[in-house]
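Worksheet: the structure to be examined is printed underneath.
Please treat every number below as a calculation from the coordinates, not as lab data. Since the model is a prediction, treat every value here as computed from it, not as a measurement. Neighbour counts are summed over all protein chains in view; Cβ atoms, including those assigned to glycine, are modelled from backbone coordinates with ideal geometry.
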Amino acid sequence: MDLYSGHINKLIDELAGLPGIGAKSAQRLAFHLVNMPKERVERLARAITEAKANVRYCRECLTLTDQELCPVCANVKRDHRTIMVVENTRDLAAYEKTGKYEGVYHVLHGAISPMLGIGPADIRLKELMARLAEEVDEVIIATNSSLEGETTAMYIGKLIKPTGIRVTRIASGVPVGGDLEYIDEVTLLRALEGRTEL
Ligand code: ZN
């Protein structure tokens, strides 16, 4: 039996397809949304469409940004010869929040996972290797300490080693499987300072 209107069901289905939102939350959100004032709903809808239309990948580091070059890559005061490799834009934001890292980044948009069928060609590795043709002193691999993150770190390490460029891995001590963004700044800095050669 169809308890709700078709429109509500459609909305619930769309919301339930988002990460971290189960069937119950999707229902709760859907009813909340239809009860919201029209202007707020329109503002939310517009924010989603505009973000989708205007956000793009930085030409250098591939993070999500509004500009051709993100603020970090566009900053000449940053050390462009030190590249920190992270899995996603949220991890980049976590390191930026510490305010202590002076290098630039490279965002992979994922991690290698044989179990999920995600291989090296499915993340932005080719672009990282292309950047190494420029003057680079060090590549710091800051992927998560999950199985996927470690697999990715090892793979990248092996790939870069022959180029003679210094490759380091941030210290673990970061909770296993923990997303970098949930870790406090002190732990992040400690992981960065305690990095070791790969
Ligand atoms: Zn950038």
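Which pairs in the list Lys126/Lys158; Lys52/Lys100; Lys52/Lys158 are over 26 Å apart, alpha-carbon to alpha-carbon?
Too far apart for the 26 Å limit: Lys52/Lys100; Lys52/Lys158.
Which net charge results for the neighbourhood of Gly110, defined as the other residues with beta-carbon distances under 10 angstrom from its beta-carbon, given Lys and Arg at +1 and Asp and Glu at -1?
Here the charged neighbours net out to -2.
Distance from a point 7 Å along Cα→Cβ of Ala16 to each backbone N in the stretch 25-58: keep the residues under 14 Å and list them by number.
So the set is 25-31.
Taking the Cβ of each residue in Lys77, Lys24 as the centre, tally the other Cβ atoms inside 10 Å and list the residues starting with the fewest.
Ordered from fewest to most neighbouring Cβ atoms within 10 Å, Lys77, Lys24 come out as Lys77, Lys24.
Looking at the stretch 10-119, send over the antiparallel percent of its DSSP beta bridges, to the nearest 5.
Just about 40 percent of them are antiparallel.
How high is the FRET efficiency between Ser172 and Arg131 when r is their beta carbon distance and R₀ equals 35 Å, given to the nearest 0.05?
Efficiency, rounded to the nearest 0.05: 0.85.
Where nothing but the Cβ of Lys and Arg (+1) and of Asp and Glu (-1) is charged, how large is the charge dipole of the stretch 1-114 around its Cα centre, in debye to the nearest 20?
Around 220 debye, computed over the stretch 1-114.
With +1 on the Cβ of every Lys and Arg and -1 on the Cβ of every Asp and Glu, and nothing else charged, how large is the dipole of the chain about its Cα centre, in debye rounded to the nearest 20?
For this selection, approximately 200 debye.
Any chance you could run the full-extension gain for Arg28 through Glu193? It's 0.36 nm times the residue separation minus the Cα-Cα distance, nm to one decimal.
Full extension of this stretch gives 55.0 nm more.
Full extension from Glu138 to Gln67: what is 0.36 nm times the residue separation minus their Cα-Cα distance, to one decimal in nm?
Between Glu138 and Gln67, full extension yields an extra 23.0 nm.
Between Ser5 and Val41, 0.36 nm times their residue separation minus their Cα-Cα distance comes to what?
Using 0.36 nm per residue and subtracting the Cα-Cα distance, I get 11.1 nm.
Given Val139, Ala74, Ile112, which one lies farthest toward the positive end of the charge dipole of the stretch 36-166, if we put +1 on the Cβ of every Lys and Arg and -1 on the Cβ of every Asp and Glu?
Ala74
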